[in-house]
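Each reported figure results from applying straightforward, stated rules to the coordinates on display, with no laboratory input. None of the values given here were measured: they were computed from a predicted structure. Cβ coordinates were reconstructed from backbone atoms using ideal geometry, including for glycine residues, and neighbour counts include every protein chain displayed.
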Amino acid sequence: MSTTFYMPPMSMMGPDAIKQLGSELQARNFNKALIVTDKALVDIKLVDRLTDELSAHDIAFAIFDGVQPNPTEKNIEQGLEILKIQDCDFVVSFGGGSSHDCAKGIALVAANGGHIRDYSKGVHLSAKPQLPLVTVNTTAGTAAEMTIFAIVTNEEDETKYPIVDKNLTPIIAVNDSELMVAMPKFLTASTGMDALTHAVEAYVSTAATPITDASAIKAIELIAQNLKKVVDNGEDRAARDAMQYGEYLAGMAFSNASLGYVHSMAHQLGGVYDLVHGLCNAILLPYVSRFNAVDSSERFADIAKAMGIDTTGMNAADAAEAGIVEIERLSASVGTAQKLADLGVKQEKLEFMAINALNDACSLTNPRKASTEEIINIFKQAM
Ligand SMILES: NC(=O)c1ccc[n+]([C@@H]2O[C@H](COP(=O)([O-])OP(=O)(O)OC[C@H]3O[C@@H](n4cnc5c(N)ncnc54)[C@H](O)[C@@H]3O)[C@@H](O)[C@H]2O)c1
Ligand SMILES: [Fe+2]
């Protein structure tokens with residue numbers, strides 16, 4: 001079977017990478033950027049690192065700072081309006097996955113028209129490339145700065161849905177680890193567990209290829225070795241840098257191999273309860289992994305090795321279980337091993353969320369097929 005691989009044509013990585021951006025943009029003759037970000041990043045003045053870089057290269061900009069965590073369709077409409085009023089010819093997202101996904105929605109609809117929901121009922125539905133999108137990433141993370149996905153919340157019916165479209169690929173992705181140093185402990189932990197989930201789900205996906213496998217295994221190694229370090233000491237520059245490479249590699253894997261039930265289910269928790277995406281993944285990952293390992297023990301045994309477990313002498317099933325226990329240990333050590341009931345999740349919503357999870361595009365590539373009852377059961381184990 002033939003496959004197609006997507007990633008941004010240019011990625012700037014490492015400390016102070018943002019300082020390479022201005023000259024690249026100048027060379028492309030852009031006039032005015034719409035910066036898409038959230039209020040917190042404006043308040044702590046992190047966004048100044050971007051605006052200083054643009055100003056130093058005589059690039060005009062307008063700022064839309066209305067992105068909410070779990071960005072909504074309304075956020076995209078608000079941003080589109082500012083883009084039109086301010087006559088911007090390209091979009092720069094600044095922040096974590098929420099800023100990138102909102103910016104992707106704005107850039108896609110700006111070029112293709114209609115409503116963002118129009119692009120959600122299939123893959124690659126847009127006719128034209130989006131308005132040029134540059135992403136400056138500040139978490140490690142969702143990898144939304146480089147993927148072909150955007151995840152949008154529909155507040156009216158409490159659902160959160162993925163858009164999968166090659167035209168969402170940014171033209172330049174910036175991962176400057178210095179911008180990530182300001183992340184507080186819980187954000188570092190939850191976004192890091194999100195990245196680990198991407199790598200694990202991509203590695204066991206039915207759409208995995210040798211390219212995505214290599215990316216996923218290296219991502220798991222980097223995250224296993226560095227997440228605890230960077231949660232303990234946010235100033236650990238080497239660990240921040242390693243996490244930034246780990247999350248990007250995980251993005252290369254899942255943007256092309258897609259994901260599985262952990263994300264399908266986490267999307268519902270985000271849509272109904274507005275919970276932190278990475279935390280939902282961290283909670284669900286061990287339970288979904290045990291469900292999947294029944295059919296994919298060899299793959300989970302590889303994951304165990306990448307997590308640092310010596311699997312010598314173990315059969316595949318035992319090695320798989322040892323890897324899952326190690327994921328649980330890492331999650332507990334960074335504070336993300338929580339219970340859904342403690343986060344306000346109610347039994348009466350489980351069936352609604354399970355049905356929507358099975359309809360989520362991420363479910364298509366999960367290695368073992370579940371019934372609605374089985375998904376409800378996994379939710380119950382995590383309560
Ligand atoms: N498109 C994709 O491929 C993809 C993949 C996975 C997840 N997602 C989506 O991404 C969203 C989550 O993104 P996220 O986890 O990166 O968080 P986020 O973008 O929602 O940001 C969370 C909070 O962290 C703050 N923050 C961000 N960077 C910071 C920094 N360097 N220092 C201090 N504070 C900082 C923000 O201001 C915000 O208040 C979810 O909606 C999820 O569904 C998208
Ligand atoms: Fe994710």
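Summary table
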{"quantity": "Fewest-first ranking of Arg240, Arg117, using other Cβ atoms within 10 Å as the exposure measure", "calculated": "Arg117, Arg240"}
{"quantity": "Residue exposure sequence - Asp295, Asp101, Asp342 - by fewest surrounding Cβ within 10 Å", "calculated": "Asp342, Asp295, Asp101"}
{"quantity": "Long-range amide H partners of Val92 with built H, under 5 Å", "calculated": "Leu34, Ile35, Val36, Val134"}
{"quantity": "Whether segment 14-54 is rounded, prolate or oblate, judged on the alpha carbon gyration tensor where a/c under 1.5 counts as rounded", "calculated": "oblate"}
{"quantity": "Sparse-neighbour loop sites [GluC sites (Glu not before Pro); segment 208-284; at most 14 other C-beta within 10 Å; DSSP]", "calculated": "Glu235"}
{"quantity": "Among 47-56, 31-40, the order from most to least packed when residues are scored by Cβ within 10 Å on average", "calculated": "31-40, 47-56"}
{"quantity": "Mean residue ellipticity (222 nm) of the chain, computed from DSSP H runs ≥ 4 via -39,500 (n - 2.57), nearest 500", "calculated": "-16000 deg cm²/dmol"}
{"quantity": "Under the Karplus curve 6.51 cos²θ - 1.76 cosθ + 1.60, θ = phi - 60°, whole-Hz ³J(HN,Hα) for segment 106-121, x wherever Gly or Pro sits", "calculated": "4, 5, 5, 6, 4, 8, 10, x, x, 10, 4, 4, 4, 9, 9, 9"}
{"quantity": "Order of His263, His198 - criterion: other Cβ atoms within 10 Å of each residue's Cβ, fewest first", "calculated": "His263, His198"}
{"quantity": "Cβ-placed point charges (K, R +1; D, E -1), dipole of the chain about Cα centre in debye, nearest 20", "calculated": "300 debye"}
{"quantity": "Relative contact order, percent, the chain [alpha-carbon distance under 8 Å, six or more residues apart]", "calculated": "16 percent"}
{"quantity": "Segment 339-371 and segment 233-270: distance between their alpha carbon centers, rounded to Å", "calculated": "20 Å"}
{"quantity": "Only Lys, Arg (+1) and Asp, Glu (-1) charged, at Cβ; segment 101-188 dipole about Cα centre in debye", "calculated": "240 debye"}
{"quantity": "Dipole in debye (nearest 20) - segment 185-381, about Cα centre, beta carbon charges: Lys, Arg +1; Asp, Glu -1", "calculated": "200 debye"}
{"quantity": "Dipole-positive endmost among Ile327, Val91, Tyr119 within the chain (Cβ charges, Cα centre)", "calculated": "Tyr119"}
{"quantity": "Other-chain or far-sequence residues with amide H under 5 Å of Leu275's (modelled H)", "calculated": "Gly270"}
{"quantity": "Under the Karplus curve 6.51 cos²θ - 1.76 cosθ + 1.60, θ = phi - 60°, whole-Hz ³J(HN,Hα) for segment 200-212, x wherever Gly or Pro sits", "calculated": "5, 5, 5, 5, 9, 4, 6, 9, 5, 10, x, 5, 5"}
{"quantity": "Proximal charge balance of Glu73 [Cβ under 15 Å; K/R count +1, D/E count -1]", "calculated": "-4"}
{"quantity": "Tensor-based shape of segment 185-381 (alpha-carbon gyration tensor, a/c under 1.5 rounded, otherwise prolate or oblate)", "calculated": "oblate"}
{"quantity": "Local net charge near Val47, Cβ-Cβ under 11 Å (Lys/Arg +1, Asp/Glu -1)", "calculated": "-3"}
